[in-house]
Amino acid sequence: MNYKMPDRLKLANLPTPIEKLKPHHNQNIYVKRDDYTGIELSGNKVRKLEYLLYDAKEKAADVLITTGAYQSNHARATVAAALKVGMKAHLVLTGDVEPKFTGNLLLDQKFGAEFTFISSEESKNVEQIMQDIADDYTKKSLKAYIIPMGASNALGNFGYLNAFNEILQQEKELGIKFDVISCTVGSGGTYSGLLLGNHLSKTNKKIIGINVSQTSQYFVERVSQISNESLSILGIDENINKQDIKIIDGFVGRGYGLSTAEELDFIDKILKSEGVYFDPVYTGKAIRGLYKSIEAEKLDINSNSNILFIHTGGFFKLFAE
Ligand SMILES: *Cc1c(COP(=O)(O)O)cnc(C)c1O
């Protein structure tokens with residue numbers, strides 16, 4: 001289908017490479033290294049920020065306001081991206097203990113971000129808190145632009161629609177067709193973008209997400225809502241079929257950001273066998289869920305299928321454990 005993508009800034013180091021891992025349970029496993037999108041900008045969020053920051057620039061924003069956990073990869077990427085385009089960043093970060101300036105939060109601090117720390121109780125009103133901060137900037141004659149958690153909104157979705165189209169190009173170059181594209185689902189924008197790509201190009205791949213927070217039901221609603229909004233930005237009068245949204249539940253474990261010994265053991269084993277670091281909050285949980293689902297033959301695919309897992313980043317968590 002023909003459509004015109006919204007404009008974006010070029011911030012990420014693209015295209016990111018695709019590597020082959022060892023086969024698993026008679027399936028071919030590939031990883032798209034979106035942890036290579038940059039160093040300071042590393043991970044999936046920069047692809048979404050390319051679209052949101054274009055919009056922020058158009059609106060002559062001076063400061064970006066966003067939110068996440070203390071160790072938010074999204075918050076760190078937002079600050080780095082803000083600096084690249086001459087803006088400031090104000091982070092509203094959630095946690096119930098004293099923040100430790102390690103990992104992502106150390107980078108945020110070194111980049112000179114402004115911080116507002118809130119408790120998880122207060123975070124229920126995070127939208128209002130961000131709006132109040134924006135109003136304070138307005139009083140100082142500064143224009144604020146609010147980016148939602150994970151940059152997962154209708155405009156942010158174009159980051160992974162763009163990535164999907166990049167994958168189609170790489171399939172030609174590599175002479176491979178991917179039957180499955182799989183990713184972590186944290187706030188839903190990565191998954192939504194891939195789903196939109198598959199919908200618009202009618203490639204009939206299975207897009208399989210593994211949620212690391214909430215429930216799959218929650219994300220089916222969220223993903224269909226923001227994907228449909230993206231379709232309307234494109235002027236396409238269609239809706240995503242909820243049946244196509246395949247999000248595997250059951251791998252959240254002890255909860256968002258919490259790990260079990262088994263999960264950490266899996267991450268350690270795959271690091272030692274493949275030389276690739278998957279983080280415990282997102283990619284480690286998700287690829288473990290993918291491998292377990294392959295073993296249990298739950299994906300409804302033939303053996304020898306080509307499965308592409310998107311490595312969405314999380315490297316700095318290693319330095320905050
Ligand atoms: C944010 C994040 C995700 C989740 O992506 P969403 O688009 O928010 O669902 C996955 N992996 C890492 C490393 C992340 O930082």
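Dipole size of the stretch 244-293 about its Cα centre, with +1 on Lys/Arg Cβ and -1 on Asp/Glu Cβ: approximately 60 debye, rounded to the nearest 20. Which of the trypsin sites (Lys or Arg not before Pro) found in the stretch 124-222 are loop residues per DSSP with 10 or fewer other Cβ atoms within 10 Å of their Cβ? Here the sparse-neighbourhood loop sites are LYS140, LYS202.
Arranged from fewest to most other beta-carbon atoms within 10 Å of their beta carbon, MET5, MET130 become MET5, MET130. For LYS88, the lysines whose Cα falls under 21 Å of its own Cα, not counting residues fewer than eight places away in the same chain, are LYS10, LYS45, LYS48, LYS57, LYS59, LYS110, LYS139, LYS140, LYS143. Helical content of the chain, expressed as a calculated mean residue ellipticity at 222 nm, amounts to -12500 deg cm²/dmol (DSSP H runs of 4 or more residues, -39,500 (n - 2.57) each, divided by residue number, nearest 500).
Its Cα centre serving as origin, the chain has a Cβ charge dipole (Lys and Arg +1, Asp and Glu -1) of approximately 660 debye. Only one residue of THR16, ILE176, VAL281 has its Cα farthest out toward the positive end of the dipole of the chain, where Lys and Arg carry +1 and Asp and Glu -1 on Cβ, and that residue is ILE176. Membrane-span-like helices in the chain, defined purely by DSSP H runs whose alpha carbon atoms cover 15 Å or more axially and whose average Kyte-Doolittle hydropathy reaches -0.5, are 73-84, 158-174, 189-201, 216-233, 261-274, 283-295.
Since only SER201, HIS311, ALA134 are under comparison, the one whose Cα sits farthest along the positive direction of the charge dipole of the chain, derived from C-beta charges on Lys, Arg, Asp and Glu, is SER201. In loop segments of the stretch 1-103 as defined by DSSP, the chymotrypsin sites (Phe, Trp or Tyr not before Pro) with at most 12 further C-beta atoms inside 10 Å of their C-beta are TYR3. Of the residues SER227, MET1, THR94, the one whose Cα sits farthest towards the positive end of the charge dipole of the chain is MET1 (charges of +1 on Lys and Arg Cβ, -1 on Asp and Glu Cβ, taken about the Cα centre). Here SER120, SER182 are placed in order of increasing Cβ neighbour count within 10 Å, fewest first, which gives SER120, SER182.
Comparing LEU168, LEU258, LEU49 in a Gaussian network model of the chain where C-alpha atoms under 10 Å apart are linked, the largest mean-square fluctuation is found at LEU258. Using 0.36 nm per residue and subtracting the Cα-Cα separation, the extra length available between LEU142 and PHE319 on full extension is 60.3 nm.
We did not get these values from a lab; they are worked out from the coordinates using the rules stated. Just so we're clear, the structure is a prediction, and the values are computed from it rather than from any experiment. As a convention, Cβ positions derive from the backbone with ideal geometry for all residues, glycine included, and neighbour counts pool all protein chains shown.
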